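So the structure is just underneath, and the comments pick up after that.
FYI, it's all coordinate maths here, none of it is from the lab. The structure presented is a predicted model; accordingly, all values stated were derived computationally and were not measured. Don't worry about glycine lacking a Cβ; one is built from the backbone with ideal geometry, like all the others, and counts go over all protein chains shown.
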Amino acid sequence: MARWCLFALLVCLVYSVAAYEDLQPTTYAQLAPVKGQWNITVEATRESPDAFMPVTCDQAAVQAPCNQPLLTADRADKLKLTYTLAGSGLKTLDDLAPKGVRFVACYATPSTADRPWRKANPVMDKDKSCPFIIKDVPINANGTYTVTWLLPKNTTKAAWYTQVRVQCQNGSLTSYCQFDTTQNQTYWATNIINSTPVGLKVATAICSAVGPLFLIAFFLRDYLTKGK
Ligand SMILES: *[C@@H]1O[C@H](CO)[C@@H](O)[C@H](O)[C@H]1NC(C)=O
Ligand SMILES: *[C@@H]1O[C@H](CO)[C@@H](O)[C@H](O)[C@H]1NC(C)=O
Ligand SMILES: *[C@@H]1O[C@H](CO)[C@@H](O)[C@H](O)[C@H]1NC(C)=O
């Protein structure tokens with residue numbers, strides 16, 4: 001049994017390594033020379049479901065006064081994100097040809113603390129602090145992209161910012177070739193009210209408490225029976 005667990009773990013590992021392979025491991029630092037080309041504005045339905053109001057909070061803490069009231073998925077709150085290229089044309093790293101734009105949502109630094117599964121990474125496609133892909137769109141001619149995003153049900157209590165990531169063809173691979181961010185400029189913050197039913201929370205807690213015991217038990221059994 002323990003061997004099967006190890007095998008499953010290995011399969012997961014190999015699979016997650018393979019999943020990264022078709023994207024070049026571009027770092028944020030590499031793209032610094034072409035940063036700063038986008039104006040990004042954020043609006044949210046803070047008071048009623050269809051009235052978007054500007055979000056201008058530059059504080060990364062969930063409890064910051066400018067982040068109140070918190071948005072929630074339960075109330076079906078939406079964000080309207082507008083990304084506009086400031087100049088004419090887009091300058092990419094190595095002058096690669098842009099083919100698409102990806103908008104992502106990222107955890108603000110205080111919301112990643114003590115949570116390795118949200119850990120920031122200098123390599124863009126391994127950056128676990130940006131887990132939500134808001135939308136992928138092809139490059140368009142006028143340089144303005146407006147995305148309305150309904151907060152997903154798995155949104156947790158956190159403060160967030162957005163990134164725009166331009167994807168380019170680089171030989172046979174896809175590379176990120178330009179990016180911008182609202183980090184340190186514009187954040188929004190979310191709350192959880194009721195997204196997970198209490199029963200599921202209890203079940204999850206019991207499973208995660210008992211799970212390791214089973215694993216230890218299987219290892220022990222395997223270890224003890226091997227000697228016989
Ligand atoms: C949230 O849920 C969506 C769809 O249910 C899933 O595709 C996505 O990976 C989830 N994201 C996170 C960060 O859990
Ligand atoms: C494009 O590919 C070349 C060769 O692999 C690499 O040196 C370069 O850094 C890549 N450019 C970007 C923007 O990733
Ligand atoms: C945001 O601020 C932090 C702390 O001052 C700094 O380390 C980081 O580089 C800044 N990020 C951006 C994108 O400006």
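Quick one: if you stick a label point 7 Å off each Cα along the C-beta vector at V202 and T27, how many nm between them?
Those two pseudo-labels are separated by 5.0 nm.
How high is the relative contact order of the stretch 100-172? Use alpha-carbon pairs under 8 Å, at least six apart in sequence, and give a whole percent.
49
What FRET efficiency, computed as 1/(1 + (r/R0)^6) with R0 = 41 Å and r the Cβ-Cβ distance, is obtained for D58 and S172, rounded to the nearest 0.05? Working shown, then result.
On the way: r = 41 Å, r/R0 = 0.99.
Rounded to the nearest 0.05, the efficiency is 0.50.
Students often get this wrong, so check it: of K91/K126; K78/K135; K99/K153; K35/K135, which have C-alpha atoms separated by over 22 Å?
Numbers: K91/K126 24 Å; K78/K135 14 Å; K99/K153 30 Å; K35/K135 20 Å.
Those over the limit are K91/K126; K99/K153.
If you add up the charges near S48, with Lys and Arg at +1 and Asp and Glu at -1, over every other residue whose beta carbon is less than 12 angstrom from its beta carbon, what do you get? Mind dumping the intermediate values first?
Numbers: positive: R46, R75, K78; negative: E47, D50, D77.
Net charge in that neighbourhood comes out at 0.
Rank-order 60-69, 140-149, 182-191 by packing density, defined as the average count of other C-beta atoms within 10 Å over each peptide's residues, highest first.
182-191, 60-69, 140-149
Label D95 and T148 with points 7 Å out from Cα along Cα→Cβ: what is the distance between them in nm?
For D95 paired with T148, the spin-label model returns 4.1 nm.
Between K126 and A76, 0.36 nm times their residue separation minus their Cα-Cα distance comes to what?
15.1 nm
Loop-only trypsin sites (Lys or Arg not before Pro) in the stretch 104-200, please: DSSP not H, G, I, E or B, and at most 11 other Cβ atoms within 10 Å.
Answer in residue order: K153.
Full extension from A86 to I133: what is 0.36 nm times the residue separation minus their Cα-Cα distance, to one decimal in nm? Show your work: numbers first, answer last.
Details: separation 47, 0.36 × 47 = 16.92 nm, distance 2.29 nm.
Stretched fully, the A86-I133 segment lengthens by 14.6 nm.
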